[in-house]
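For reference, the structure is listed below as structure tokens.
The values are calculated or read from the model by the stated rules, or taken from the named source; none is laboratory data. The structure presented is a predicted model; accordingly, all values stated were derived computationally and were not measured. Cβ: placed from backbone, ideal geometry, glycine included. Neighbour counts: every protein chain shown.
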């Protein structure tokens, strides 16, 4: 695609741009900033809707006492047990065990701090569950732009 034809549709990235390859006037490949492309934006929006549903399901499981708050944070960060275990430096069976509410409530502050660091929250926020699924601010802005 030519550099002047790089899509500049409104997107989820807000002020950021993605970089793609394009051909300039001399026929060379160059990096060109793109504000977005409607098909990619639609696919990303659908993916975020699925992620929101997964977060809502995790909130329901935690509210029902079936899992610990780690479940919501894992869904929010799009992690599974294996990935979280790798990041926190524990065996998978230990992370699965920490998903039990009774076990989670007895975790030591040092281990809670490790989890909090991975999820980029304060340790005291790790046990709190949001009332609704959190989505990025830029996505909320994009949804408003599309509805108007």
- request: With the checklist (1) more than 23 Å from residue 60 (Cα to Cα); (2) in a loop (DSSP other than H, G, I, E, B) in hand, flag the one item residue 106 doesn't pass.
  value: (1)
- prompt: With respect to the numbered conditions (1) modelled with pLDDT of 90 or more; (2) buried (at least 16 other Cβ atoms within 10 Å of the Cβ), which one is the sole condition not fulfilled by residue 113?
  reply: (2)
statement: In the range 69-102, anything under 19 Å from the mean Cα position of the chain (by Cα) and more than 21 Å from residue 55 (Cβ to Cβ) is listed as 86
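Here is a yes/no grid of residues against (1) under 22 Å from the mean Cα position of the chain (by Cα); (2) modelled with pLDDT under 90; (3) surrounded by 13 or more Cβ atoms within 10 Å (Cβ to Cβ):
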| site | (1), (2), (3) |
| --- | --- |
| 37 | yes, yes, yes |
| 43 | yes, yes, no |
| 55 | yes, no, yes |
| 59 | yes, no, yes |
| 67 | yes, no, yes |
- prompt: What do you reckon, is residue 105 assigned by TED's automatic domain parsing to the domain that holds residue 125, closer than 19 Å to residue 126 by Cα and more than 23 Å from the chain's Cα centre (by Cα)?
  reply: yes
- prompt: Can you name the residue in the range 15-33 that is touching a helix residue (DSSP H, G or I) at 6+ places or on another chain (Cβ under 9 Å) and surrounded by 15 or more Cβ atoms within 10 Å (Cβ to Cβ) and is also nearest to residue 102 (Cα to Cα) among such residues?
  reply: 18
message: Criterion first (over 20 Å from the mean Cα position of the chain (by Cα) and either under 28 Å from residue 45 (Cβ atoms) or modelled with pLDDT under 95 (or both)) does residue 140 satisfy it?
response: no
message: Against the conditions (1) in contact (Cβ under 8 Å) with a residue 40 or more places away in the chain; (2) in contact with a helix residue (DSSP H, G or I) (Cβ under 7 Å, 6 or more places away or on another chain), where does residue 81 fall short? Just the number, please.
response: (1)
